[in-house]
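> So that we are looking at the same thing, I have put the structure below in structure tokens.
Every number here is computed from the coordinates shown, using simple stated rules; none is lab data. Being a predicted model, the structure only gives us computed values, none of them experimental. No Cβ is skipped: glycine too gets one built from the backbone with ideal geometry, and neighbour counts run over all protein chains shown.
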Amino acid sequence: MERLIDLGVLPIRMKGARGYKPHFSILFRFECQRTFGIDTSYSPNVEQNLLITHAHSDHYGNSAMLSPKSIASEKTAKALEIRHGRRFMGRTFKAGEVIDIDGVKVRTHPTEHTIGAMAFSWKNEVGTRILITGDVKDATHLPKCDVLITEANYGDPLDPGCRFEDDIEGFRTAIGEGVAFGAYAFGKAQRAVELLRRFGYCDEIEMERKSLELSKQLMEGAEPLVGLGENGGKMSVVPPWELCRLPDRLDKFVLTGREDYPHKRIRISDHLDFIGLRKMVKQCSPEMTIVYHPTGDMSAKFAQYLNENGFSAMTVGDITNVISA
């Protein structure tokens, strides 16, 4: 924590009547004090800009989108509006754009985790380079930094399940008539559609309502897409739990790294595995890494690995500065 203070960065946690707010915020100076909330929920009594890296619910954009001081990419904002049925109240930017947030020049970098997913980077008043990634699938666009704030969904160095490569060939060979892929409505469903089109599948793809709306509004080159039951089940992309409701005659696959589904699995992930996370940290070369996602012990395991291998790291649980929200 002392090194972060030397770098002009103070991580803080917000605490309300029901306990800690999700994730955390950082204070820094740029002419005067600034506070940026990182994938956290909206607190109307706290003056801060809310950086939303992407539209998955465990990054709390569904709450932050209520604030006029929320910031998200155009496609993340659109995904939030579709998913939650309300207007995005903040400001938006195009992928890769440099934006001005209260006088701070903030650069944006695609992470390919979902459509519209972005990392944010800037320098504070003493020249410290700060980078917030959210969840990451492709780290090649991320810059070097002094303080890295990142995820560790697959950060356990001792878990074989945290080391993998996407089975793109397995997906390709599964394509055929009467196939259904189980994929989460936002993120993996769009990736399934992109892969189908990449491998030359040109016919209609059936999708459940929310997946269909997200894909139609966020993707280019995805059509023809139709609702469930409109093409006789030739090719379907539905949430994993919906596979059981489809006819038994269909060949069913779940696109997942998990092993607890009653269907055949194709390993397709929207995250870096442990090797990718390790490579990302080496590439960004921070003096300090704050691992803020997910909950549970995965963040602590990745931070411990970094501390034991030449990188200083901490987790949200190590933050001792608390203010009332």
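> What are the radius of gyration and Dmax of region 1-144, computed over its Cα atoms and given in Å?
Every Cα atom of region 1-144 included, Rg and Dmax give 14.4, 43 Å.
> Under a point-charge model restricted to the Cβ atoms of Lys and Arg (+1) and Asp and Glu (-1), what is the dipole moment magnitude of region 69-116 relative to its Cα centre, in debye to the nearest 20?
Once rounded to the nearest 20, the dipole reads 180 debye.
> Size of the dipole of region 165-266 about the Cα centre, Lys and Arg at +1 and Asp and Glu at -1 on the beta carbon, nothing else charged, in debye to 20?
Approximately 140 debye in magnitude.
> To continue, here is another question. Of the GluC sites (Glu not before Pro) in region 2-97, which ones lie in a loop per DSSP and count no more than 11 other C-beta atoms within 10 Å?
For GluC sites (Glu not before Pro) across region 2-97 that sit outside H, G, I, E and B with at most 11 neighbouring Cβ atoms in 10 Å, the list reads Glu31, Glu47.
> Then there's this: Rank Leu228, Ile71, Ser299 by how far each Cα sits towards the positive end of the charge dipole of the chain (+1 on Lys, Arg Cβ; -1 on Asp, Glu Cβ) and give me just the farthest.
Going by the Cα projections, it comes out as Ile71.
> Rounded to the nearest whole Å³, what is the per residue volume of the convex hull around the Cα atoms of region 165-266?
92 Å³
> Also, quick follow-up: How far is the Cα center of region 275-307 from the Cα center of region 68-89, in Å?
Between the Cα centres of region 275-307 and region 68-89 lies a distance of 28 Å.
> Here's a follow-up. Calculate the dipole size of the chain relative to its Cα centre from +1 charges on Lys and Arg beta carbons and -1 charges on Asp and Glu beta carbons; express the result in debye to the nearest 20.
560 debye
> Enumerate by residue number the trypsin sites (Lys or Arg not before Pro) in region 251-321 meeting two conditions: DSSP loop (anything except H, G, I, E, B), and at most 12 other Cβ atoms within 10 Å of the site's Cβ.
Arg258
> Return the Cα extents of the chain along principal axes one, two and three, sorted largest first, each rounded to a whole Å.
Ordered largest first, the chain gives principal extents of 62, 43, 37 Å.
> Also, quick follow-up: Which ³J(HN,Hα) values in Hz, rounded to whole numbers, follow from the phi angles of region 102-111 under the Karplus curve 6.51 cos²θ - 1.76 cosθ + 1.60, where θ = phi - 60° and Gly and Pro get x?
6, x, 8, 7, 10, 8, 10, 9, x, 10
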